[in-house]
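The block underneath contains the structure these notes are about, expressed in structure tokens.
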């Protein structure tokens, strides 16, 4: 019995090691890697960021990615450094990157959120955001981005940019943002950010 | 799948066994199917080569030779001097790389024989390689400044390799009285981390402003200009009164007798310029001139400049076949930064994998991103994307560049947050 336990334990170790290796060894082909690996030193392994100000881009839909990079390149969307970086790559480069990151799993690392704020944020989400940000923000559809489990500081910065109209958004979202701001002001943006950041399991 | 797992597992165990046999000379054969790659130096370049080679082709046997069991990143070490970061937050180890099947040899590489294709180590090992990657960083040219030496550096630190030297300089800053003078000397080009001395001066001023506001930091420079100069001066003006008689920072460029020629540790003085003006201080930080890491010099990988010429498409040395040099030690158009080393390592991996598999090298892509933290909520950055063109690395026109000079306070604040997240992700890339 003991022996069997030991055996299964080591088997388990062997298996999980194998799985671990397999997962981390799931390398893209060399040409794809050449491009996407220029991104990951900042955006984290396979696009899942460990640094809370830099967003995870793993699992981002092809269209969301293309939209982000082309609008950075044209300066229609402003960020501190991405405009300067996007200008270094071609549309064909973006396509390779988009295809790769769309296939990666969005890994959610633990982060602290305020449950009270998150609860209030859940209400706001249901009222104003749910129509486009399906599954509590888990699904990236029509450029909605993955919000669930995204880093809190990044969500806060993004919401702030939208609310100050420093970042372009669809009319529907602008209306929703206006309604949210009118009722609760900046505090409600914080609540929404805490709600999305706290989402770790798909509903 | 299970065979592969087993093989990887066995290889990993073999690696562990070899590491535990410390001091026992052995000849590591290049008997693995995919070839044996030896890497010298476990920093921003070497760790990435090790990890990405294993990812790209698990049949390649990878050995990383690094003398230190613990690695302290040089990047972000200025924040330790400024007091906002602990030295322990810069400390990393090689366990995760070992788990990915990289054989870690915690010894110093003492010689390279490019004909026999072997590396010998301080523990008496002889490692036979198919391809060798040399990523040794820099060596400090102490003799470039009269009176300076490795011994003197125990009193007048360089702190240009992070770890004990960083802690020493931080301790001196803490022990200094309010009203004291700190001298930092900046070296001639080229050297590791071009904006580094200026970020350092900023971080020291950041500390003085909070804790010793009657003090000042004098920057003696071997050059007349430096990277992100306009942005640094803007930040110094805003945060530290630069340009006024109450400024926490004073900069003496070479044209104003700023170039250090001699130090005298006995009376804590520095002599600078053609006229050898004497400056005394309570704390002196000499950042000496630099060249490629010692092993690169000793094994004939450097040219007359003291740095290593390489084929910039592959990073193969132009002096020794099957030896690749990346990072600070290599001569390229990229700045000597951690991100450059990271990017070069990834190009080098593609070059080695294709060469071992007898394939054509793919089109390389290179990037550099570098942050400097000027003070509280005040970060600036530079970025560049490079393409290989006719033997040189050309930065893509219209791309890259520095933080705009009219950046808002919120923009500058975010650059600090991005800098810290950048640090997190690049160290995960290296050590996880």
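The values are calculated or read from the model by the stated rules, or taken from the named source; none is laboratory data. As the structure is a prediction and not an experimental result, all values here were calculated from the model. All Cβ positions, glycine included, derive from the backbone under ideal geometry; neighbour counts span all protein chains shown.
Out of curiosity, is residue A:25 more than 28 Å from residue A:166 (Cα to Cα) and at pLDDT below 95?
Here the answer is yes, as residue A:25 does meet what is asked.
Is it fair to say residue B:188 is surrounded by fewer than 23 Cβ atoms within 10 Å (Cβ to Cβ), touching a strand residue (DSSP E or B) at 6+ places or on another chain (Cβ under 7 Å) and modelled with pLDDT of 95 or more?
no
Rundown of residues vs (1) more than 24 Å from residue B:377 (Cβ to Cβ); (2) away from chain B (no Cβ under 12 Å); (3) surrounded by 22 or more Cβ atoms within 10 Å (Cβ to Cβ), yes/no style:
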site: A:38; (1), (2), (3): yes, no, yes
site: A:64; (1), (2), (3): yes, yes, no
site: A:77; (1), (2), (3): no, yes, no
site: A:102; (1), (2), (3): yes, yes, no
site: A:105; (1), (2), (3): yes, yes, no
site: A:108; (1), (2), (3): yes, yes, no
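How about the stretch B:368-381: which of its residues are more than 14 Å from residue B:422 (Cα to Cα) and either touching a residue at least 60 places away in the same chain (Cβ under 8 Å) or surrounded by 20 or more Cβ atoms within 10 Å (Cβ to Cβ) (or both)?
Correct list: B:374, B:375, B:376, B:378.
Can you tell me which residue among B:291, B:346, B:312 is surrounded by 21 or more Cβ atoms within 10 Å (Cβ to Cβ), more than 17 Å from residue B:40 (Cα to Cα) and in contact (Cβ under 8 Å) with a residue 12 or more places away in the chain?
It is B:312.
Between B:98, B:111, which is part of a helix (DSSP H, G or I) and in contact with a strand residue (DSSP E or B) (Cβ under 7 Å, 6 or more places away or on another chain)?
B:98
What helices (runs of 4 or more DSSP H) lie completely within the stretch A:59-107 and have 1 or more residues being touching a residue at least 40 places away in the same chain (Cβ under 8 Å) and under 14 Å from the mean Cα position of the chain (by Cα)?
Of the helices (runs of 4 or more DSSP H) lying wholly inside the stretch A:59-107, those with at least 1 residues that are touching a residue at least 40 places away in the same chain (Cβ under 8 Å) and under 14 Å from the mean Cα position of the chain (by Cα) span A:62-73, A:91-103.
Among the residues in the stretch A:140-150, are any in contact (Cβ under 8 Å) with a residue 12 or more places away in the chain, assigned to a helix (DSSP H, G or I) and either under 20 Å from the mean Cα position of the chain (by Cα) or within 14 Å of chain B (Cβ to nearest Cβ) (or both)?
Among the residues of the stretch A:140-150, not one is in contact (Cβ under 8 Å) with a residue 12 or more places away in the chain, assigned to a helix (DSSP H, G or I) and either under 20 Å from the mean Cα position of the chain (by Cα) or within 14 Å of chain B (Cβ to nearest Cβ) (or both), which makes the answer no.
I'd like the full set of residues that are crowded, with 24+ Cβ neighbours inside 10 Å and touching a helix residue (DSSP H, G or I) at 6+ places or on another chain (Cβ under 7 Å), limited to the stretch B:220-234.
Within the stretch B:220-234, B:221 is the sole residue that qualifies.
Does residue B:48 meet the test of being within 23 Å of residue B:316 (Cα to Cα), at pLDDT 50 or above and outside any strand (DSSP E or B)?
When the stated conditions are applied, residue B:48 passes them.
Any idea how many residues of the stretch B:72-95 are touching a residue at least 60 places away in the same chain (Cβ under 8 Å) and not in a loop (DSSP other than H, G, I, E, B)?
Going through the stretch B:72-95 one residue at a time, the tally reaches 10.
Scan the stretch B:118-133 for residues that are closer than 18 Å to residue B:45 by Cβ and in a loop (DSSP other than H, G, I, E, B) and jot them down.
Residue satisfying the conditions is B:129 alone.
Within the stretch B:55-83, can you find the residues that are surrounded by fewer than 21 Cβ atoms within 10 Å (Cβ to Cβ), out of contact with any helix residue (DSSP H, G or I) (no Cβ under 8 Å at 6 or more places or on another chain) and away from chain A (no Cβ under 14 Å)?
Once the filter is applied, which keeps residues that are surrounded by fewer than 21 Cβ atoms within 10 Å (Cβ to Cβ), out of contact with any helix residue (DSSP H, G or I) (no Cβ under 8 Å at 6 or more places or on another chain) and away from chain A (no Cβ under 14 Å), the stretch B:55-83 yields B:67, B:68, B:69, B:70.
Being modelled with pLDDT of 95 or more, in contact with a helix residue (DSSP H, G or I) (Cβ under 7 Å, 6 or more places away or on another chain) and at positive phi is true for just one of B:377, B:322. Which residue is that?
B:377
Does residue B:352 satisfy being at the interface with chain A (Cβ under 9 Å from one of its Cβ atoms), closer than 29 Å to residue B:129 by Cα and touching a residue at least 40 places away in the same chain (Cβ under 8 Å)?
No, not satisfied.
Kindly indicate whether any position in the stretch B:211-227 is in a helix (DSSP H, G or I), at pLDDT 95 or above and in contact with a strand residue (DSSP E or B) (Cβ under 7 Å, 6 or more places away or on another chain).
no
Only residues in the stretch B:386-409 that are at the interface with another protein chain (Cβ under 8 Å from one of its Cβ atoms) and under 28 Å from residue B:309 (Cβ atoms) count as the first member; pair them with residues that are part of a loop (DSSP other than H, G, I, E, B) and at pLDDT below 95, Cβ under 8 angstrom, at least 6 apart or cross-chain, and list the lot.
Note: no pairs meet the criteria.
Which condition breaks for residue A:146 when tested against (1) at pLDDT 95 or above; (2) over 27 Å from residue A:102 (Cβ atoms)?
Checking residue A:146 against (1) at pLDDT 95 or above; (2) over 27 Å from residue A:102 (Cβ atoms), the one that fails is (2).
Please work out if residue B:330 is under 23 Å from residue B:75 (Cα atoms) and without any contact (Cβ under 8 Å) to a residue 60 or more places away in the chain.
Yes, satisfied.
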